[in-house]
Structure formats: C-alpha cells, structure tokens
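Here's the structure, in structure tokens; my notes come after.
The values are calculated or read from the model by the stated rules, or taken from the named source; none is laboratory data. As the structure is a computational prediction, the values presented were derived from the model and not from experiment. Quick reminder, even Gly has a Cβ in these numbers, built from the backbone with ideal geometry, and neighbours come from all protein chains shown.
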Amino acid sequence: MAQDTLVWSKDSLLNKEHFKAKRSRYGNDVPAYTVTFIYLYQKENNGQRMFYVEAILLKSQSYMKVETPYLLKHEQLHFDICELNARRLRQKISLKDFTKVKDVVAVLNKLYDKTNEEYRKDEQRFDEDTQHGINAAKQQVWIESIAKQMTELEEYSSTEVNVVR
C-alpha cells in the first residue's frame, strides 16, 4: 500500500506521476480525478497507544488525462480539502475528554464517521461551486478559503493525535 499512497504534506504538491490510473472510470469527458480519504489508525509508540489521522491519495485509482497547471491545482485542492478535514478530525479528538470513556475506539469511529460525512459534503460543494474547476473565479475563492482554514488549524497538522485518558 505504501507505494500506492501519498500522505498529504505541505511540501508535496501533486504532479502527473501521482495519477497512475490508465483509464477514467467516469468516461472520456472527465479530464482528472483524485481518490482521497481520511485514514484513522492506531499503533503502539514507546509503550503507549497512539492514534494517527492522515489524508491519503491513492495513486493507482487517481486519473489525469492531460497535465495542466490549472487542472493540477484543482486536484490539489481536492487533496487539501481532505487534509483540512483530517485536521478537523484531529481537533475533535484532541478536544474530546476521554477520561470517562470506556470504549475509546467506538467514540473515535463516531467522530471519524461524522467528519467523513462533512468531508464528502465539502468535496461535493467544491465541485458544484467550481463546476468541476471550470469556474476559475470560484476556484480562486476556494483556494483562499482552504488556505485560511488550514492556517487556522495549523496546530492540528501533525498526523499523531494523543488521546488523553
């Protein structure tokens, strides 16, 4: 999976090499799409159970017919929206009081499901507002809005989330 995934980072901008799908599953009229998701997992770190939230792009399922700077920016914004929602999930987890929670994983799953639903709505609004990138003025509004929100949630940019019990 590691070679097929790209974890969002502020330093990794999308390029044609991140789009490995050979054909569009949405027909010939679709110039590009990214397959992204929020990944929540846990692992042991120095004897402590830690939780991680990552914004992931699947290269093998992401498609781009012809690379253009404008199209790359549109697809980058999809990935950025994924990261923005990952930060929102990290924030929710960080602010949650788990001291009286018996089943931490169940609570995390509820937070994940709610955030994932909000993320999908953001994605849909983005494509509707920008007409899938055709409306450059609306896309610029989204670029500025996403950048502002990402800055506001900068303290939640680390993928590691400590669940305090």
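When restricted to residues that are part of a helix (DSSP H, G or I) and either aromatic (F, W, Y) or free of Cβ contacts under 8 Å to residues at least 60 places away in the same chain (or both), the stretch 63-77 contains 3.
Just checking, does the stretch 67-84 include any residue being farther than 25 Å from K148 by Cβ and modelled with pLDDT under 95? For the stretch 67-84, residues farther than 25 Å from K148 by Cβ and modelled with pLDDT under 95: present.
Say whether the condition of being among the small types (G, A, S), in contact (Cβ under 8 Å) with a residue 40 or more places away in the chain and crowded, with 19+ Cβ neighbours inside 10 Å is met by at least one residue in the stretch 11-26. Among the residues of the stretch 11-26, not one is among the small types (G, A, S), in contact (Cβ under 8 Å) with a residue 40 or more places away in the chain and crowded, with 19+ Cβ neighbours inside 10 Å, which makes the answer no.
Applying the condition of being touching a Phe, Trp or Tyr at 6+ places or on another chain (Cβ under 7 Å) and not in a strand (DSSP E or B) to the stretch 24-39 and asking which residue is modelled with the highest pLDDT yields T34.
Of the residues making up the stretch 78-101, just one is within 19 Å of K16 (Cα to Cα) and of a type in the set (D, E, K, R), namely D80. Scanning the stretch 102-119 for residues that are closer than 30 Å to R23 by Cβ and either in contact (Cβ under 8 Å) with a residue 24 or more places away in the chain or aliphatic (A, V, I, L, M) (or both) turns up at least one hit.
In the stretch 78-100 there is at least one residue that is free of Cβ contacts under 8 Å to residues at least 12 places away in the same chain and among the basic types (K, R).
Within the stretch 50-93, the set of residues being surrounded by fewer than 19 Cβ atoms within 10 Å (Cβ to Cβ), aromatic (F, W, Y) and closer than 15 Å to Y39 by Cα comprises just one member, Y52. Restricted to the stretch 38-66, and to residues there that are of a type in the set (S, T, Y) and in contact with a strand residue (DSSP E or B) (Cβ under 7 Å, 6 or more places away or on another chain), the residue that is farthest from Q149 (Cα to Cα) is Y63. Considering Q91, Q3, Q48, the condition of being closer than 20 Å to Y156 by Cβ, at pLDDT below 95 and either among the polar types (S, T, N, Q) or under 18 Å from the mean Cα position of the chain (by Cα) (or both) is satisfied by Q48 alone.
Residues of the stretch 27-46 include none that is basic (K, R) and surrounded by 13 or more Cβ atoms within 10 Å (Cβ to Cβ). The residues listed here are E67, E44, E75; of these, the one that is among the acidic types (D, E) and over 12 Å from F19 (Cβ atoms) is E44.
Checking each residue in the stretch 85-129 for being aromatic (F, W, Y) and either in contact with a Leu (Cβ under 6 Å, 6 or more places away or on another chain) or under 28 Å from Q140 (Cα atoms) (or both) picks out Y112, Y119, F126. The residues on offer are V163, V101, and the sole one that is surrounded by 13 or more Cβ atoms within 10 Å (Cβ to Cβ), among the β-branched types (V, I, T), touching a strand residue (DSSP E or B) at 6+ places or on another chain (Cβ under 6 Å) and not in a helix (DSSP H, G or I) is V163.
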